[in-house]
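Quick notes on the structure that follows.
The values are calculated or read from the model by the stated rules, or taken from the named source; none is laboratory data. These numbers come from a predicted model, not from an experiment. Ideal geometry is used to build each Cβ from the backbone, glycine not excepted, and the neighbour counts take in all protein chains shown.
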Amino acid sequence: MGFARRFFARPATVFGSVVFLIIVIIALGSPLMFAHGPLSIVGMPLLPPGSPGFLAGSDVIGRDMAVGLAYGARISLLVGISSTCCAVGIGVLLGAIAGYYGGAVDDLLMRMTEFFQIIPAFVLLMVLVAFMQPSLGSAVIGIALITWPQVARVVRGQFLSLRSREFVEAARVIGMGDARIIFTQILPNALPPIVVISSMMVGNAILTESALSFLGLGDPNLMSWGSMIGSSRVAMWVAWWTTVLPGLCIVITVLALNFIGDGLNDALNPRRRR
Amino acid sequence: MPLVSIQNLTVSLPSGADRPLAVENASLEIGRKEIVCIVGESGSGKSITAHAVMGLLPRGVAATGGAILFDGVDLLKQPAEGMRKRRGRDIAMIFQDPMAALNPVVSIGKQVSEQIRAHQPVSEKEGLDRAASLLRDMELKDVALGAYPHQLSGGQRQRVMIAMALSLSPKLLIADEPTTALDVTTQAQILKLIKHLQAERDMSVLLITHDFGIVADMADSVAVMRQGRIVESGATRQVLDRPCDPYTQSLIAAVPKGDSLLPPMPETEPLVRVRGLSKRFQRTRLFSRAPVATALDEVSLTLKRGETLGVVGESGSGKSTLARCMIRLLDPDAGEVLLDGADIAHMRASVLRPLRRRIQMVFQDPFSSLNPRQTIGDILIAGPKAHGEDLGEARKHAAEMLQLVGLTPQCLRRLPHEFSGGQRQRIGVARALMLRPEVLIADEPVSALDVTVQAQVLKLLDDVRRQMNLAMLFITHDMRVAAEICHRVMVMRHGKIVEQGPTRQIFAAPSSDYTKALLAAIPGRQTQ
Amino acid sequence: MKFSYIAMRLVKTVLITAAVVLLSFFLIRAVPGDAATVMAGQAGYADEAYMKGLRAEYGLDQPLPVQLWRYVEKVAQGDLGTSYVRRQPVTAIILERLPNTLLLDAFALLVAAAGGIWLGSMAARRPGSAGDSAVTVLAMLFYAVPQFWLGMMMVLVFAVWFPLLPPFGIETMGADYTGLARVGDVVQHMILPGMTLALYFLASYARLTRTAMIDVADQDFVKTARAKGLTERQVARRHILRNALIPLVTYAGLQASILVGGSVLVENVFSWPGVGTLAFQAVQGRDNPLLLGIFIVTAVLVSLFNLITDIAYSIVDPRVELG
């Protein structure tokens, strides 16, 4: 199909897709791959990578780094994908209504998106998570709450411009109902940019989640890449792998997602030359 | 010796374009104080030729053969700095869309003086003074030097462009479709201005256009281009009266002359009656006071079965708003639209829906009137589907409609981007006919098409009207097009009807000054 | 004509501040439990006398609109509550640290803008070249790197492995420099955290500048400028860059709010005594009044900054009409 050909046109996209697939497999398979969980203390602290039984070394209190990295992938993907799904769900719904019907609803939405763009979103997130008590759920809800406005803004813009396109006017002239017009005429043409930014948003959500856990606002019962970096700060000077490895995992995952986003852009907007 | 001698010019396009050469072996001469037109349809290479003379070919496009002699010097062999010095000083160029061609964030006074100061060591103040006097020459006395492009009208902007171009009295002015983006009355003024300046300054002009009427009015000699080649050239009168090349002949034949005037219809009860239709536009936002614009002011008309009523007006006249109010894409503020006695102007959407079958529309832009992600088949059966018809029947009917408009049933499975502009307009007509309407509103259906394609689509619309006894409302800005297929014509301006009546009468004996001005502005009319 | 535009923007800033205060008010009350408990924080609510005082102060026995009015009154006077943990008024705590954060953020903003615009315009001049691809690749990389981790890596490389720059704090402890020596000391300490903060935005600016310049270069008026006989440098400066500035000014406004979030993380890593570290400590110590106070103060500052960029925008783009 043409889509697959355009998507995989760039080597970077292929690389990103493969890497992302590997990370997903590791995330899903981690309980099967290891005998013990990430929080179990199984050896001497601060063993370097390559020590017997510790492929990635051990951290400040003797936990297996490799297990931590694998389980961290679960958290990152879980938070990244679910918060993005929520944000996109809310954003598409509200953006579509505002863009299609216009008027006061549209004005209200624009003021809300402006508000969220101006206030420091991360500080608000800290407040929200602190007040909701840090957990996986509060991270997902918090991140979704601060990111839905930018989705809504894009969707609204798309709907606004598509609504006055002649083929949409033609659909109205023919006698199509509003709902049918939105779903069969506008949405299929509005979705491509949303799909593209969704993959970027998953990457951003992963970065935000890692920042939250680094600051101690992550789920205290779960091991994530950010919390690994945060808890290893004291040992950074002598055991570089405790902070470098989780960070590299974050970088590689987000990069892979951004490459996938570029590939989606190529596949869905084939007329763009740059 | 002629001022400009283009000899066997060949310009190549980057790989992936629809043809390898934009211009192939083109030869043309421009004498001193002569106005030469290059005329052709879109994609003919006329614009590229003009850009090649200026040395402004876009990235990837390059002159690979031939020579362009300007006062004896081959411009193609000039180094970059030598070419730069000539631009603006010896050769100047103006472009099609004056809004896009002026820097939006710099005042017009500065932009004009910038051109002068690029070639002459002149102080800023003196540059602005000279700019002021140039603008006065262009009859722009009321425009301030500190004004920005978005504050001026289209005609004013083009005058600023001309002032800039002529500021250093170049020997050659290249004008690339300078009036295509302007209203017809403004167009006439700008062309008159160019002709006047040409005579006053003993300048040569290379005018690029697609309109033979402009050629007739302006050019001393003309070259006809097609697919990158010059197919015919010579003195204007000769080419227009006795064209040799078959393409030239078909091109001239396709231009609507404004003289095949239809007789008015016999008196019968009108199918559509519009009374006192009014519409005002006001953006309702929470924190602003946008100005109120009156788009339609008490417009009334009647339309009979089998009749074509033309609505002619310039931009802002309200003709598009009228069409959209009649078909309820917009809701009118006041007035009635009676379709066979039923007032559809203020009907609720649910009551209106079944009536929508009876009144359909053909749109202007072939590139955005079809959903790019749907097949032609889906686009055509969308109407019957929305009204609950049997889909099998609808598909059969779609195939019939395609054949009616001159396309094959194989097209049903293809996507819009596989078709040309003219073909897409035909599909648009087929779509409109799918619901077997009684009234057809055509909103500038041929404005975006080349002249040969335009003639075909006009003929199609006329045939369809006759075959199906449709009542047709035909919106256009071009009086010549209206004359081709309309029985009656209505002239609009600023939301009001200025004049209406049988086509022959309006053309032969217009009563309003505005109509007279519109008719006088038609390119080519004076010289026929 | 411009004045009503500025007036509108001022009104908008005030409205945003009001919305922030309202949001804070409702956030406190949205948390399950007594609002006073929330404001007292983890340690505070054990102290009965303190709780009684808080309840009276916030008027928790009064109807909601009265509470709201009391709260707004306090905030308008600059009273953001008291931190039990530190036994100090929140406003004072924040104001003491604010200048350090502003210094760091201003430095980062300048470096990011100047560096990014320069890199972006270099890349735009030769699209598709090796230099252009390098800029794009670097930008992609910086988008994927968590800022706090980048900071830690910077410390590792420039302070541990190759001891070149001091990794912690704002001044060398106990050295007691004055005058120019002090300034030099602060600047030295500012480089690592400042660069860490700046790099993400540098990438953004570079990409944005590159795209903006390429888009503008395609426009008709650039062709007109060349047709007038201007040199390439004049075309690039007066026509392309001048128009490409417009989206950049808009971006500067948006950047401020993200910068604050980045500050929280970066200041932490480098123990820079600013509002960001304060926020972290507030979270650790469950010091809710301080956390909320930081939210309000930073939101107000960012919206003021947006007011300035909006005014700059109206200067840069004369097409902006009122309303």
Filter region C:140-185 for residues that are modelled with pLDDT of 85 or more and surrounded by fewer than 17 Cβ atoms within 10 Å (Cβ to Cβ); the one that is nearest to the other protein chains (Cβ to nearest Cβ) is C:Leu141
Single unsatisfied condition, A:Ala267 versus (1) at pLDDT below 85; (2) more than 23 Å from A:Gly2 (Cβ to Cβ): (2)
Filtering region B:394-408 down to residues that are assigned to a helix (DSSP H, G or I) and either touching a residue at least 12 places away in the same chain (Cβ under 8 Å) or within 15 Å of B:Ala382 (Cβ to Cβ) (or both) yields B:Ala394, B:Arg395, B:His397, B:Ala398, B:Ala399, B:Met401, B:Leu402, B:Leu404
For B:His150, indicate whether it is at the interface with chain C (Cβ under 9 Å from one of its Cβ atoms), touching a residue at least 40 places away in the same chain (Cβ under 8 Å) and closer than 25 Å to B:Leu206 by Cα. no
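Based on this model, can you work out whether B:Ala295 counts as at pLDDT below 90 and crowded, with 20+ Cβ neighbours inside 10 Å?
On the way: at pLDDT below 90: yes; crowded, with 20+ Cβ neighbours inside 10 Å: yes.
So B:Ala295 passes the test.
Would you mind finding the one in C:Thr37, C:Thr82, C:Thr91 that is within 29 Å of C:Pro273 (Cα to Cα) and within 14 Å of chain A (Cβ to nearest Cβ)? Before the answer, list the steps.
On the way: C:Thr82 fails: within 14 Å of chain A (Cβ to nearest Cβ); C:Thr91 fails: within 14 Å of chain A (Cβ to nearest Cβ).
When all the criteria are applied, what remains is C:Thr37.
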For region A:218-263, enumerate the residues that are farther than 19 Å from A:Thr208 by Cβ and more than 9 Å from chain C (Cβ to nearest Cβ). A:Asn221, A:Ser232, A:Val234, A:Ala235, A:Val238, A:Ala239, A:Trp241, A:Thr242, A:Leu245, A:Gly263
Quick check, is A:Ile118 modelled with pLDDT of 90 or more and either touching a His at 6+ places or on another chain (Cβ under 7 Å) or within 14 Å of another protein chain (Cβ to nearest Cβ) (or both)? no
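Of the residues C:Leu322, C:Leu230, only one is modelled with pLDDT of 90 or more, more than 23 Å from C:Leu98 (Cβ to Cβ) and not in a helix (DSSP H, G or I); which?
On the way: C:Leu322 fails: modelled with pLDDT of 90 or more.
Criteria check complete, one pass: C:Leu230.
Out of the residues in region B:460-478 that are charged (D, E, K, R), closer than 19 Å to B:Gly422 by Cβ and in contact (Cβ under 8 Å) with a residue 40 or more places away in the chain, state the one that is surrounded by the fewest Cβ atoms within 10 Å (Cβ to Cβ). Break it down into steps so the answer makes sense when it comes.
Applying the first criterion (charged (D, E, K, R)) to region B:460-478 yields B:462-463, B:465-466, B:478.
So of that shortlist, the ones also closer than 19 Å to B:Gly422 by Cβ come out as B:462-463, B:465, B:478.
Now drop any that are not in contact (Cβ under 8 Å) with a residue 40 or more places away in the chain, which leaves B:462, B:465, B:478.
Numbers: B:Asp462: 17, B:Arg465: 21, B:Asp478: 20.
So, considering only residues that are charged (D, E, K, R), closer than 19 Å to B:Gly422 by Cβ and in contact (Cβ under 8 Å) with a residue 40 or more places away in the chain, the one surrounded by the fewest Cβ atoms within 10 Å (Cβ to Cβ) is B:Asp462.
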Residue match in region A:132-148 (condition: at pLDDT below 90, within 14 Å of chain C (Cβ to nearest Cβ) and in contact with a helix residue (DSSP H, G or I) (Cβ under 6 Å, 6 or more places away or on another chain)): yes
Members of region C:229-241 that are within 16 Å of B:Pro104 (Cα to Cα) and facing chain B (nearest Cβ under 7 Å): C:His239
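Checking the condition within 7 Å of chain A (Cβ to nearest Cβ) and not charged (D, E, K, R), which residue from C:Val283, C:Val269, C:Val316, C:Val297 passes? Lay out the reasoning, then the answer.
Working: C:Val269 fails: within 7 Å of chain A (Cβ to nearest Cβ); C:Val316 fails: within 7 Å of chain A (Cβ to nearest Cβ); C:Val297 fails: within 7 Å of chain A (Cβ to nearest Cβ).
The match here is C:Val283.
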Quick one: would you say C:Ser129 is under 30 Å from C:Arg210 (Cα atoms) and surrounded by fewer than 13 Cβ atoms within 10 Å (Cβ to Cβ)? yes
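Conditions tested, residue by residue: (1) assigned to a strand (DSSP E or B); (2) in contact (Cβ under 8 Å) with a residue 40 or more places away in the chain.
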{"residue": "B:Thr185", "(1), (2)": "no, yes"}
{"residue": "B:Val205", "(1), (2)": "yes, yes"}
{"residue": "B:Met225", "(1), (2)": "yes, yes"}
{"residue": "B:Val231", "(1), (2)": "yes, no"}
{"residue": "B:Pro243", "(1), (2)": "no, no"}
So, first residue at positive phi in region B:264-275, second residue among the basic types (Lys, Arg), Cβ within less than 6 Å, six or more apart or across chains; the pairs are none
State all residues of region B:22-63 that are part of a strand (DSSP E or B) and surrounded by 19 or more Cβ atoms within 10 Å (Cβ to Cβ); if no residue qualifies, say none. B:Ala22, B:Val23, B:Glu24, B:Ala26, B:Leu28, B:Ile30, B:Ile35, B:Val36, B:Cys37, B:Ile38, B:Val39, B:Ala63
From the list B:Ile108, B:Ile91, B:Ile162, which residue is surrounded by 18 or more Cβ atoms within 10 Å (Cβ to Cβ), facing another protein chain (nearest Cβ under 9 Å) and either under 30 Å from the mean Cα position of the chain (by Cα) or basic (Lys, Arg) (or both)? B:Ile91
Do you know which residues across region B:312-353 are in a helix (DSSP H, G or I) and within 24 Å of B:Leu182 (Cβ to Cβ)? B:Lys319, B:Ser320, B:Thr321, B:Leu322, B:Ala323, B:Arg324
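If I filter region C:268-276 for residues that are of a type in the set (Gly, Ala, Ser), closer than 26 Å to C:Ala35 by Cα and assigned to a helix (DSSP H, G or I), do I get at least one hit?
First, pick out the residues of region C:268-276 that are of a type in the set (Gly, Ala, Ser): C:271, C:274, C:276.
Next, from what is left, pick out any that are closer than 26 Å to C:Ala35 by Cα: C:276.
Those left that are additionally assigned to a helix (DSSP H, G or I): C:276.
The answer is yes; a qualifying residue exists.
Please enumerate the residues belonging to region B:4-19 that are surrounded by fewer than 17 Cβ atoms within 10 Å (Cβ to Cβ) and either modelled with pLDDT of 90 or more or polar (S, T, N, Q) (or both).
Kept after step one, since they are surrounded by fewer than 17 Cβ atoms within 10 Å (Cβ to Cβ), are these residues of region B:4-19: B:7-8, B:14-19.
Listed by number, the residues that qualify are B:Gln7, B:Asn8, B:Ser15.
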Quick one: A:Ala205 ticks every box in (1) assigned to a helix (DSSP H, G or I); (2) among the small types (Gly, Ala, Ser); (3) within 14 Å of chain C (Cβ to nearest Cβ); (4) surrounded by fewer than 24 Cβ atoms within 10 Å (Cβ to Cβ) except a single one, so which number is it? (4)
All but one of (1) assigned to a helix (DSSP H, G or I); (2) over 25 Å from the mean Cα position of the chain (by Cα); (3) within 11 Å of chain A (Cβ to nearest Cβ); (4) of a type outside the set (Gly, Ala, Ser) hold for C:Pro127; which doesn't? (1)
Being aliphatic (A, V, I, L, M), assigned to a helix (DSSP H, G or I), in contact (Cβ under 8 Å) with a residue 60 or more places away in the chain and surrounded by 22 or more Cβ atoms within 10 Å (Cβ to Cβ) narrows it down to one of B:Val457, B:Val481, B:Val489, so name that one. B:Val481
Could you tell me how many of the residues in region B:417-454 are more than 25 Å from B:Pro263 (Cβ to Cβ) and in a strand (DSSP E or B)? 1
